[in-house]
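The values are calculated or read from the model by the stated rules, or taken from the named source; none is laboratory data. Quick caveat: nothing in here was measured; it's all calculated off a predicted structure. Ideal geometry is used to build each Cβ from the backbone, glycine not excepted, and the neighbour counts take in all protein chains shown. The protein model used for the area step is the full one, side chains on, heavy atoms only, and it has no ligands, DNA or RNA in it. Shrake-Rupley method; radii C 1.70, N 1.55, O 1.52, S 1.80 Å.
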Amino acid sequence: MVKIRHLLRHLKWIIPLLLILIIIIVMNIPASYLTNKIEKATRYKVRVINTNGTIWNGSAYIGISYGRPDKAPVMLTTPITWTVSISNILNLSINIKHQNIVQEFKIYPFKKTISDLYIEDLPLDFFSGLKGPLSSLNLGGTIQIHIPETSIENIESLPLDITFAEIYRKDDPNLILGTYSLKSGNADNQFNVDTISGILKITGHGNIKPFSFTGQAMPDEIFAPRLAPFLRSIGYEKDDGFIIEF
């Protein structure tokens, strides 16, 4: 009995010390701890470098690559920052900020939801590391993206609203082709493309996964001779325009 009492007396201060030690360790887990996990989870399409701080409050540079660790990624020019807020365990949120994110973007892990995401003026070059038509057409411009609040479980089928603003060909950068919108439905895996403004009118539709696109391009009459070689390289002439297929 004496030994048990003696042990219990020691446990009264050993257990709180262990809890404090565990809390200190958890609160100081470096942000780099998540780097490899994020990259493996995205099959190295998303790259994370120059992490600073902890998993609770830190920053990192984000890039996109071909999905191969040996490929140099295309990086954002400024880092993203994050903080973890918690009022109670169910209201834990990860708050993400970046100069291209219009308002603070929140992830709620326990609720499995994300807040509205508005991204503006993201360089089209940021996606040049991904395979697909955007990386092969040698285009420049900016992208605006809106993703509505949704469940993380539905993230692959969420509706998208993307604007490709002031798109130009890099071999003819002084000629702005136009501004275009891409919108997808909730879960039908399809999207539509329309022209907002510009000298090259493009309309069409396609599938997100696997990617495919069929559309029609109608150049302004004045610029048709200048654009014809480019349009022939990505499609074929039909009537007064061009058919584009990927």
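I'd like the full set of residues that are under 21 Å from residue 166 (Cβ atoms) and without any contact (Cβ under 8 Å) to a residue 60 or more places away in the chain, limited to the stretch 202-215.
202, 203, 204, 215
Go through the stretch 218-235 and report how many residues are open to solvent by 80 Å² or more (accessible area, probe 1.4 Å) and in contact with a Phe, Trp or Tyr (Cβ under 6 Å, 6 or more places away or on another chain).
0
Any residue at all in the stretch 100-118 that is part of a strand (DSSP E or B), open to solvent by less than 70 Å² (accessible area, probe 1.4 Å), closer than 30 Å to residue 246 by Cα and modelled with pLDDT of 80 or more? Steps first, please.
Going through the stretch 100-118, the residues part of a strand (DSSP E or B) turn out to be 101, 105-108, 113-114, 117-118.
Next cut, open to solvent by less than 70 Å² (accessible area, probe 1.4 Å) only: 101, 105-108, 113-114, 117.
If we keep only those that are closer than 30 Å to residue 246 by Cα too, we end up with 117.
Add one more test, that the residue is modelled with pLDDT of 80 or more, and what stays is 117.
Yes, because at least one residue in the stretch 100-118 is part of a strand (DSSP E or B), open to solvent by less than 70 Å² (accessible area, probe 1.4 Å), closer than 30 Å to residue 246 by Cα and modelled with pLDDT of 80 or more.
Residue by residue through the stretch 184-201, note down the ones that are open to solvent by 70 Å² or more (accessible area, probe 1.4 Å) and not polar (S, T, N, Q). Working first, answer last.
Taking the stretch 184-201 and keeping what is open to solvent by 70 Å² or more (accessible area, probe 1.4 Å), we get 186-188, 190, 192, 194, 196, 201.
Selection gives 187, 188, 194, 196, 201.
Considering only residues that are of a type outside the set (Val, Ile, Thr) and not in a strand (DSSP E or B), which ones fall in the stretch 232-246?
Matches in the stretch 232-246: 232, 233, 239, 240, 246.
If the requirement is being over 22 Å from the mean Cα position of the chain (by Cα), crowded, with 18+ Cβ neighbours inside 10 Å, under 25 Å from residue 100 (Cβ atoms) and at pLDDT 85 or above, which of these qualifies: 178, 215, 204?
Going through 178, 215, 204 in turn, just one is over 22 Å from the mean Cα position of the chain (by Cα), crowded, with 18+ Cβ neighbours inside 10 Å, under 25 Å from residue 100 (Cβ atoms) and at pLDDT 85 or above: 178.
Give the number of residues within the stretch 35-56 that are among the charged types (D, E, K, R), exposed (fewer than 14 other Cβ atoms within 10 Å of the Cβ) and not in a loop (DSSP other than H, G, I, E, B).
2
Filter the stretch 10-34 for residues that are of a type outside the set (Phe, Trp, Tyr) and modelled with pLDDT of 75 or more; which is surrounded by the most Cβ atoms within 10 Å (Cβ to Cβ)?
The selected residue is 31.
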